[in-house]
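Below is one structure; the comments refer to it alone.
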Amino acid sequence: MSLRISAIILLAGLTLTGCASKPLQTFTKDSTPLMLVPAIQHEDQDQRGRFREIFCEILETRKSEIKHYRPCEEALVQVGPWPAGTGEPVDLGPAKRRLKVLFVPGVGWGCFSTWLSPEEAIPKHLQLFDYEMVTVDVNGLSGSEYNAAKIRNTIMEMPLPDSGPELVLVGYSKGAVDTLTALVDYPEIHDRVAAVISVAGAVGGSPLANDAGEEHLNLLQRFPGVTCKQQAGSALQDLRPGTRMAWLANNPLPDTIPFYSVITFPDPANISSAMRGSYRKLSRVDARNDGQLIYYDQFVPGSTLLAYLNADHWAVAPISRNLGAAGDLLLDKTDYPRGALLEALLRYVEEELDSRGSAQAERTGVASRYGHPAD
């Protein structure tokens, strides 16, 4: 078995092992008060209709060019009624804003990035339309506070464009947790960030993390050729639901930055072989999961919902799929059009920023006409 395939098994199994009879959510009185409520509190918060228009237009216009193309009705999942779109045309030309994706990966990324290399087709696809993509070198085994500092330093080292913030933070899996932590801990980065997108984000944690111990992280560190060591805190501890809920209760997110959530909600038949064990295990809590996360634990509080994707947790990870026959067997449901997805996300954000700018200009003009400053 190659080191690449062994790495896949270790990563996929990071939170799978443990006593099968142990409850994933154990009884405890040491808990933040919780309740399940609808994530969407007003219509403007659900923008699946407009995002669907953009994503579907990209898929159908370029289906002969898109890697891992699949029809729109297979790429997205209808959860409840579809909200209406705007009906406005979709501009697929060069970007109006030179938005730059700062991608924040999840657990184990830095450890195995030499084998599970980033998929080069994605940044190349974005460059065709004058977008950019940069990956933050976070530590795949460390806690969110440690990685938040790395995100902060990466952002502060980038020049601030004269036209204003053009940086779109995209947090995948635990990367979303690290991103939210950076925004709370380092307010000096706020005016450099145009938007934040959580893609399959471990926002509320995963019950699977309750069933795993630190020895699993230690096992990853001892794997031959691993290039990362746990520095400060624990990735596993930060993925536990109790930790995440307590953090969310005590750390309000900045209200000056728009947040968006993209949620993986696959049909059970679309779970890769490498994740079927964790899918079944997590189904003891809720069968509506992507093999690592329950769908409602991926929503950033107060964010705008953009999509439910018919994809498991690894299908949206921008890693190379050239892993040979064994990789094809383990990751057999991961042929998702990730480049088209990121392009659609940036085009949606671009529309939103233009709309917000126009609204602000209109308010300023009205205030000027009446002789008082705008709010």
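The values are calculated or read from the model by the stated rules, or taken from the named source; none is laboratory data. From a predicted model like this one, the values you see are computed outputs, not experimental measurements. Here the Cβ is made from the backbone with ideal geometry for all residues, glycine too, and neighbour counts use every protein chain on show.
Summary of computed values
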item	result
Selection count where residues are at pLDDT 95 or above, of a type in the set (A, V, I, L, M, F, W, C) and crowded, with 23+ Cβ neighbours inside 10 Å, scope region 287-326	6
Enumeration of residues in region 20-50 that are of a type in the set (S, T, N, Q) and either under 20 Å from Leu208 (Cα atoms) or over 24 Å from the mean Cα position of the chain (by Cα) (or both)	Ser21, Gln25, Thr26, Thr28, Ser31, Thr32
Leading residue by the ranking (surrounded by the fewest Cβ atoms within 10 Å (Cβ to Cβ)) among those in region 264-286 that are outside any helix (DSSP H, G or I) and touching a helix residue (DSSP H, G or I) at 6+ places or on another chain (Cβ under 6 Å)	Val285
Every residue from region 91-110 that is surrounded by 20 or more Cβ atoms within 10 Å (Cβ to Cβ) and assigned to a loop (DSSP other than H, G, I, E, B)	Arg97, Leu99, Pro105, Gly106, Val107, Gly108
Filter result for the condition that a residue is surrounded by fewer than 13 Cβ atoms within 10 Å (Cβ to Cβ) and modelled with pLDDT of 95 or more, over Glu145, Glu120, Glu88	Glu88
First in region 40-67 and within 17 Å of Leu342 (Cβ to Cβ), second anywhere and in a helix (DSSP H, G or I) and aromatic (Phe, Trp, Tyr), Cβ under 6 Å, 6 or more apart	Phe51/Tyr348; Ile54/Tyr348
So Leu59, is it over 27 Å from Val193 (Cβ atoms), surrounded by 17 or more Cβ atoms within 10 Å (Cβ to Cβ) and at pLDDT 95 or above	yes
Close pairs (6 angstrom Cβ cut-off, 6 or more residues apart or separate chains): outside any loop (DSSP other than H, G, I, E, B) in region 297-316, among the polar types (S, T, N, Q) anywhere	Thr304/Gln45; Thr304/Gln47; Leu305/Ser261; Leu306/Gln47; Leu309/Thr264
Residue pairs meeting the criteria (Cβ under 6 Å; at least 6 apart or on separate chains; first at positive phi, in region 127-151; second of a type in the set (Lys, Arg))	Asp130/Arg98
Members of region 28-39 found to be aliphatic (A, V, I, L, M) and either surrounded by 14 or more Cβ atoms within 10 Å (Cβ to Cβ) or without any contact (Cβ under 8 Å) to a residue 24 or more places away in the chain (or both), listed by number	Met35, Val37, Ala39
